[in-house]
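The values are calculated or read from the model by the stated rules, or taken from the named source; none is laboratory data. Since the structure is predicted, the reported quantities are computational estimates derived from the model, not experimental observations. Here the Cβ is made from the backbone with ideal geometry for all residues, glycine too, and neighbour counts use every protein chain on show. Protein only, heavy atoms only, side chains kept; ligands, DNA and RNA dropped before computing areas. Shrake-Rupley method; radii C 1.70, N 1.55, O 1.52, S 1.80 Å.
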Amino acid sequence: MSRPLLQGVRVLDLTNVLAGPFAGYQLALLGADVLKVESPHGGDLARQLGADPDLSREHLGASFLAQNAGKRSVALDLKDEHDRDVFTTLVADYDVILENFRPGVMDRLGFGWDAVRAINPSAIYCAVSGFGQTGPMRDRPAYDQIIQGLSGLMSVTGTEQVSPLRVGVPICDSIGGMVAAFAICAALVRKEKTGEGAFLDVSMLEAAIVSMGWVVSDQLITGRDARPMGNENPTSAPSGTFDTAQGDLNIAANKQEQFETLCDVLGRRDLLSDNRFDTRDLRQQHRRELSDELQTTLGERSASEWDAHLVRSGVPAAPVVTVREALESEHIRARGLIHSVASPSSRGGSLRLLGSPIHVDGEAIGPVAPPPILGADTADVLAEYENRTRAEGSR
């Protein structure tokens, strides 16, 4: 087994629900020692969230289990004097402090960036929030759906008849968490070289906008307003989702040679002599007519049958599948994305969890331990604190 990339890095994870815990989970997967600091009064809210009510009643909600494997948990009340002293000791010893409270909350608790830097000048402090630590919207509450709406993402999702439409997954939370993990890793590189700490201000809103690619670049550079086009790709045609005799099929024949090959595979070389479809620009202008022509032929076979022909041709295409089908695919199994760990719940058994999308030195990376019971490591952490206090008192 290869040496974990973040071996020796210590992270205090004070985060809740998804964006912050997702960031901490990515760091844990890469080998960091992540200590989850939770309120003794229920802990991370995600412990009560998820599709299995029995797990939620045990404070092991499916939403929590998905993002916290491999972490330890200490229950501390940062309004309690003794627990504040314990946390101060932890801050002095850890490399990274990760939080996703609203701006100002950690300052009021006495552990904002200035206070942390005074305790540990080389600390990396990462604050993940909906809108960032500055600006007129900084104090607004934010959930994924709020960010989807304010980023413009919903305005380009769906069709003109049903837009605005929420993306079906908490994409802004996940993007915000991944950006936070990336920022922390970059700051760790600088710290290794210079010894400097860093204050990282991660805005979910800005992370979402940055992730929108050509939608934003077209607006900024050309002034072109994006519009919802359903499953069509505005930059090319044919590029979208097509009905077949059984199932839906995505095709993205963006290049001229791909379009020509597609016509060969479908037995529709007549489309190559149609002046409306001569060039990429013309195909975009006549995308509806082109889609209708292709649809007629694609309806003769199933998505899986067409996929078998198209994959051999090199035309980018694949069936549209369910989440279950994606997770059970031969490719995902071969890549080792899904890992099993022991379940911490009273029912026992095992949990199937996602690992990292990154392979390191040819190996799939997964969690090394189950998600923690609330406060599971409190006794050990307090014992370390008491030992340190006694040692300092004897000097």
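Summary of values
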read-out	value
Check on Ala253, in contact (Cβ under 8 Å) with a residue 60 or more places away in the chain, farther than 21 Å from Val320 by Cβ and open to solvent by less than 60 Å² (accessible area, probe 1.4 Å)	no
Residues of the range 266-283 classified as surrounded by 12 or more Cβ atoms within 10 Å (Cβ to Cβ) and closer than 14 Å to Thr296 by Cα, total	3
Test: Val91 is closer than 30 Å to Glu196 by Cβ and open to solvent by less than 20 Å² (accessible area, probe 1.4 Å)	yes
Some residue of the range 98-118 being among the aliphatic types (A, V, I, L, M), touching a Cys at 6+ places or on another chain (Cβ under 8 Å), touching a residue at least 12 places away in the same chain (Cβ under 8 Å) and open to solvent by less than 50 Å² (accessible area, probe 1.4 Å)	yes
Of residues in the range 316-337 being of a type in the set (A, V, I, L, M) and open to solvent by 50 Å² or more (accessible area, probe 1.4 Å), the one nearest to Lys71 (Cα to Cα)	Leu327
Positions within the range 287-316 being closer than 18 Å to Asn254 by Cα, in contact (Cβ under 8 Å) with a residue 12 or more places away in the chain and among the charged types (D, E, K, R), in sequence order	Arg287, Glu289, Glu293, Asp307
Strands (runs of 3 or more DSSP E) contained in the range 187-280 and holding at least 1 residues under 27 Å from Val315 (Cα atoms) and among the polar types (S, T, N, Q)	239-243, 248-252
Single unsatisfied condition, Trp306 versus (1) farther than 28 Å from Ser56 by Cα; (2) within 21 Å of the chain's Cα centre (by Cα); (3) surrounded by 13 or more Cβ atoms within 10 Å (Cβ to Cβ)	(2)
Any strands (runs of 3 or more DSSP E) falling wholly within the range 281-395 and containing at least 3 residues that are in contact with a Ser or Thr (Cβ under 8 Å, 6 or more places away or on another chain)	338-342, 350-354
Subset of the range 159-206 that is more than 29 Å from Gly149 (Cα to Cα) and among the aliphatic types (A, V, I, L, M) - its residue that is most open to solvent (accessible area, probe 1.4 Å)	Val189
Residue match in the range 143-158 (condition: acidic (Asp, Glu), at pLDDT 95 or above and open to solvent by less than 60 Å² (accessible area, probe 1.4 Å))	yes
Subset of the range 49-74 (residues that are out of contact with any strand residue (DSSP E or B) (no Cβ under 8 Å at 6 or more places or on another chain) and basic (Lys, Arg))	Arg57
Among the candidates Pro319, Pro344, residue that is within 30 Å of Ala245 (Cβ to Cβ) and over 21 Å from the mean Cα position of the chain (by Cα)	Pro319
